[in-house]
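Heads up: the structure comes next, in structure tokens.
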Amino acid sequence: MNKKDYYEVLGVSKNATEAEIKSAFRKLAKQYHPDVSKEENAEEKFKEIQEAYAVLSDESKRKQYDQFGHAAFDGAGGAGGFGGFDASGFDFSDIFDSIFGSGFGFGGSSQSSTRARSGNDRLMRIKLSFEEAVFGCEKEIKLEVNEKCDECNGKGGFHEQTCPNCHGSGTVTVEQRTLFGTFMSKTTCSKCNGRGKSYEKVCSSCRGRGTILKNKTIAVNIPSGVDTGNRLRLSGKGEAGVNGGANGDLYLEFVVSDHEFYKRDGNDIYLNVPITITEAVLGCKKEIPTIHGNIKLSIPAGSNSGDKQRIKGKGIENETTRSKGDMYIILEVRIPKKLSREQKRLFESLEDTDLDDNKISVFDRFTRNNE
């Protein structure tokens, strides 16, 4: 059966660069790998693109293919004698690691096993009262984290030596038999865990891990103005790094309790203030408890429920954004449920009083127009 042109299989031109060929293979391998693809012909397609990449990524084989085509590998051309191209000896492990990760059945590489890597970040949720969040505070945080072992300085042992199993590479090459043939694959050395080094004496404190679990208490300054969902980053307070890498970071995520009376919207504060009918009709001065202390506020005559007054600068001072909010007073006119005889008489006397500025109220005009 005639084979497809290798350039056509990868979807690249005959002048494609090495980088373009590799990029095309990565894309197709991710699409047709039998473990992830649901297409019926995925296995056959995957085998086809592997063969094409094995030839075109090798400068010598590519030259032979460009000159003789498929005949270069089946004995039909001047460079024959290959008896048909066999991709089983080609090591795909590095490129498969970069596509699917080192745990995708192809093992890790010595570079990824021995290089310094930063430790994992951690996330902790911290509960704050309304006042702690608004004004800022200092909190003591208890942590349980893996840190570098002080006894062995994070190495895991003493009297360092080259690992006799992997000869310092951190990986061993093994033969894997798959549906597509036999492949040479690299896996992490089990004796040294990919470090390429072993020790005559294992550290008794960390048992060779290089890290040890510790309980710590640290003091943290919480800036003023934080809100639920805000995070504070503490550099280097996360998990210990690997192979000498830096520690990860600790992120504190805040959960702020509601206040009994104040409502918060960003840096602004809202407060519902009850007033009597008399105070609403005649106006008055009210003592208002702001988060910065009490103030006197003038309530104008003729106020209604839902009226809003702004008190500039009496909201939250946000230390992070360096901004300051306002406070808003929402009036609630309270209607008495029980009245004395004298109070009833006074209210009844108001029925003869025209309290509307217009002779006919807007509601009355609306009623008459719909009769």
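Put a dot 7 Å past the Cα of residue 263, heading toward its Cβ, do the same for residue 131, and the two dots end up 2.3 nm apart.
What residues qualify as long-range amide H neighbours of residue 170, i.e. H under 5 Å apart, gap of 5 or more or another chain, H built at 1.01 Å from N? Under 5 Å from the amide H of residue 170 lie the amide H atoms of 196, each far enough along the sequence or on another chain. Ordering 210, 229, 266 by the projection of their Cα atoms onto the charge dipole of the range 201-272, which places +1 on the Cβ of Lys and Arg and -1 on the Cβ of Asp and Glu, puts 210 at the extreme positive end. Annotation: Cα Rg of the range 194-254 relative to the compact-globule expectation 2.2 N^0.38 Å equals 1.61. Shape index of the range 198-296: Rg/Rh, with Rg the Cα radius of gyration and Rh the Kirkwood radius from the inverse mean 1/r over Cα pairs, equals 1.35. At full extension, residue 124 and residue 153 could sit 7.7 nm farther apart than now, given 0.36 nm per residue minus the alpha carbon distance.
The modelled label-to-label distance for the pair residue 255/residue 295, using points 7 Å beyond Cα in the direction of Cβ, is 3.4 nm. Taking amide H positions as modeled 1.01 Å from N, with prolines and chain starts lacking one, the residues under 5 Å from residue 272 and 5 or more places away or on another chain are 330. With a Förster radius of 56 Å applied to the beta-carbon distance between residue 324 and residue 117, the computed FRET efficiency rounds to 0.85.
Pairs from the list 148/324; 4/38; 27/155; 30/142 with a Cα-Cα gap above 32 Å: 148/324; 27/155; 30/142. Residues whose amide H falls under 5 Å from that of residue 211, counting only those 5 or more places apart or on a different chain, are 149, with hydrogens built in the peptide plane. The distance between label points at residue 144 and residue 216 comes to 1.6 nm (points 7 Å beyond Cα on the Cα→Cβ vector).
At an R0 of 22 angstrom, the distance between the Cβ atoms of residue 30 and residue 58 translates into a FRET efficiency of 0.55.
Every read-out reported here was derived from the displayed coordinates using simple, explicitly stated rules and does not represent laboratory data. Bear in mind that the values here come from a model prediction, so they are computed numbers and not experimental data. Neighbour counts run over all protein chains shown; Cβ positions are idealised from the backbone, glycine included.
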